[in-house]
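The values are calculated or read from the model by the stated rules, or taken from the named source; none is laboratory data. Not measured: the values here are computed from a predicted model. Cβ sites come from the backbone with ideal geometry, for glycine too, and all protein chains shown count toward neighbours. Just so you know, the surface numbers come from the protein's heavy atoms only, side chains and all, with ligands and any DNA or RNA stripped out. Shrake-Rupley method; radii C 1.70, N 1.55, O 1.52, S 1.80 Å.
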Amino acid sequence: MNTCQKGQIAELMAELKASEKGFIVSRPAIGFSRYDLIVDDGKKLYRVQVKYACASKCGSFVSVGLRRLNSLRKNVRTYNSNEVDAIMVFVPEMRQLYWIPPSLFNGKKAIQLRFTRAKNIGPIPCNYANEYVW
């Protein structure tokens, strides 16, 4: 599959999950925006960027790229809370969606979600995927 197909799968999975939760999902009318979906929980509208990310070969974590280069491969652009309220990540190996809040992605080029505890990690804090299951 190419990246466009993967993105479409992730967006469809996000729409399905939101619908199962009873939320209303809309898409921006303009061709380009920093978010893919608008999720309405009845109290608030969330601008959501959707990502497709494969688990590592060992299956213990997923790395989610959050930067975009311009056409000259300069000016790295990241996501921030002024543009996006959440990032939803679909991991096909887990058949699971993860809701990532701005505190985790704001201005970062990438994040990692761990499925299992790394053997070499001591007191360093990690982002455990089970805390972000949606």
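Keeping every protein chain in place, order Glu15, Glu131 by accessible area at 1.4 Å, biggest value first, i.e. largest first.
Values: Glu15 45, Glu131 120 Å².
Heavy-atom accessible area, descending, gives Glu131, Glu15.
Quick check for you: with a 1.4 Å probe and neighbouring chains kept, what is the accessible area per residue of the chain, in Å²?
Details: 8320 Å² over 134 residues.
Here the per-residue accessible area is 62 Å².
The simple spin-label model puts a point 7 Å past each Cα toward its Cβ; for Met1 and Cys126 those points are separated by 2.6 nm.
Projected onto their three principal axes, the Cα atoms of the chain cover extents of 46, 41, 31 Å, largest first. In this view, the solvent-accessible surface of Phe115, computed with a 1.4 Å probe and all protein chains in place, comes to about 50 Å².
Rounded to the nearest 20, the Cβ-based charge dipole of the chain about its Cα centre (Lys and Arg +1, Asp and Glu -1) stands at 620 debye.
Report summary: the helix-based calculation at 222 nm, which adds -39500 (n - 2.57) for every DSSP H run with n ≥ 4 and divides by the residues of the chain, gives -5000 deg cm²/dmol.
May I ask for the net charge around Arg47, where only other residues with Cβ less than 12 Å from the Cβ of Arg47 are counted and Lys, Arg are +1 while Asp, Glu are -1?
Numbers: positive: Arg27, Arg34, Lys44; negative: Asp36, Asp40, Glu83, Asp85.
Once all neighbours under 12 Å are counted, the net charge is -1.
Computed with every protein chain present, the accessible area of Ile30 is close to 130 Å² [probe 1.4 Å]. Remark: spin-label model distance Glu93-Glu20 equals 2.1 nm, labels positioned 7 Å along the Cα→Cβ axis. How large is log10 of I(q)/I(0) for region 1-51 at q = 0.13, 0.26, 0.28 Å⁻¹ when the intensity is taken from the Debye formula with one equal scatterer per alpha-carbon? Treating every Cα as an identical point scatterer, log10 I(q)/I(0) equals -0.30, -1.04, -1.14.
Taking 7 Å steps out from each Cα toward its Cβ at Asp40 and Lys109 produces label points 3.9 nm apart. Gain on full extension, evaluated as 0.36 nm per residue between Ser56 and Leu12 minus their Cα-Cα distance, stands at 13.6 nm. What FRET efficiency would be calculated for the residue pair Ala29, Ala118, taking the C-beta separation as r and a Förster radius of 35 Å, to the nearest 0.05? For Ala29 and Ala118, the calculated efficiency is 0.20.
Using a probe of 1.4 angstrom, how much of the accessible area of region 7-59 is carbon and sulfur, in percent? If you can, show how the numbers build up before the last one.
Details: 1790 of 3260 Å².
Exposed carbon and sulfur together represent 55 percent of the surface.
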